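Here is the structure we will look at.
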Amino acid sequence: MTHVGYLIAGYGVTFGVLASYAAWIVGKKRALARELPPEERDPRWP
Amino acid sequence: MRSGIGTRILGVATVASLALLAVMALVITPADVNQLDAVRLIYIHVPMATVMYVAFGVTALGSILYLVPRTRAHKWDVLAGAAAEIGVVFTGLVLVSGSIWGRTTWGVWWTWDARLTTTAVLFVLFLGYLALRRVGGDPDARARRNSIAALAACIDLPIVHKSVEWWRTLHQKSSLLDEETFLHPHIHGTMYWTLLLGIGAFLLLFSWLLINRYRLAKLEDRMEDQGLERALAERRAEALTGAP
């Protein structure tokens, strides 16, 4: 295989950034949901 | 509960399709005669560019729905903001993956080519839009301002798409998203199907991200309202007791 370094960089940055962004969204959503009083929490959005 | 399960199924389908894409793109598909294995970057670069158009398209739609009096609702502004943030992430990745691909095929990391420049402008415009969303004010005035700014930024979208036709550029013509190449694709066999799989996988990812980012934005709004209510209650209590 040629251009291995470029492929690792391209795929690595792409999947790394997207995974980090998804984890940030889920983590922050859960943290905020925990701060809400139980009666205001939406059971569909755990 | 149904919505939660639906989102989880969407999440599993997204991860599975991205894993399949990685195998197809890096192992199964053949190398290109001219570009050799560097062509494998097409399977992430083009799908991410497609998501970029879709994300900003959703932003434009949400903004229009907010500005039209008959459909005006706060949720459309929230949706527009959520889609724009995801669009900015994807635009950044399109620029980075394109830069890496450009280094292997053109020999440079960056050139002031029409497609690259208009995409970079789009990135900056929507960064500005996201910054504008953080500026305070009356909620209705804020949402109206956001919507107008989003629509102004979206003017660059067709310019990005048409830039390879309007100007002489280094960038290749559209791979799929025009009538001629869609009906008579220039790529064939596993390369073509892997590219379509990539677009499908990244659109699934966009849907999952949009649902979750929208819910996060609603939670942020609710917390902001709660904080405001708490501050008002504290002020009222201070006024009643005469405390500073």
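The values are calculated or read from the model by the stated rules, or taken from the named source; none is laboratory data. Keep in mind that this is a model prediction, so the values were computed, not measured. Cβ placement follows ideal geometry from the backbone for every residue including glycine, while neighbour counts extend to all protein chains displayed. SASA here: full protein model, heavy atoms, side chains in, ligands and nucleic acids out. Shrake-Rupley method; radii C 1.70, N 1.55, O 1.52, S 1.80 Å.
Details
- With the convex hull constructed from alpha-carbon coordinates only, chain B shows a mean projected area of 18.0 nm² over all directions.
- Helix axis angle, B:74-105 relative to chain B longest principal axis, alpha carbon, degrees: 30 degrees
- Here's the list of lysines a cross-link from B:Lys162 could span, going by alpha-carbon distance under 17 Å and ignoring same-chain residues fewer than 8 apart: B:Lys173.
- Relative packing of peptides B:234-240, B:44-50, A:30-36, B:115-121 - highest average C-beta neighbours within 10 Å first: B:44-50, B:115-121, A:30-36, B:234-240
- Label reach from B:Arg142 (point 7 Å along Cα→C-beta): in segment B:56-94, amide nitrogens under 15 Å belong to B:74-82.
- Computed accessible area, B:Thr241, all protein chains, 1.4 angstrom probe, square angstrom: 110 Å²
- Extending 7 Å from the Cα toward the beta-carbon at both B:Ala19 and B:Trp167 defines two label points whose distance is 4.3 nm.
- Residue ranking by accessible heavy-atom surface, 1.4 Å probe, largest first, among B:Asp225, B:Asp140 comes out as B:Asp225, B:Asp140.
- The alpha carbon centroids of segment B:207-223 and segment B:100-142 are separated by 23 Å.
- Note on segment B:1-69: Kirkwood hydrodynamic radius from all Cα pairs is 15.1 Å, rounded to one decimal.
- In the calculated pair-distance distribution of segment B:133-175, the portion above 12 angstrom amounts to 67 percent of the Cα-Cα pairs.
- Debye log10 I(q)/I(0) for segment B:32-128, one point scatterer per Cα, at q = 0.15, 0.19 Å⁻¹: -0.65, -0.88
- Listed by chain and number, the lysines whose C-alpha is less than 28 Å from the C-alpha of B:Lys75, apart from same-chain residues fewer than 8 away, are A:Lys28, A:Lys29, B:Lys218.
- Three principal axis extents of the protein assembly as shown based on alpha-carbon atoms, in descending order, are 80, 39, 37 Å.
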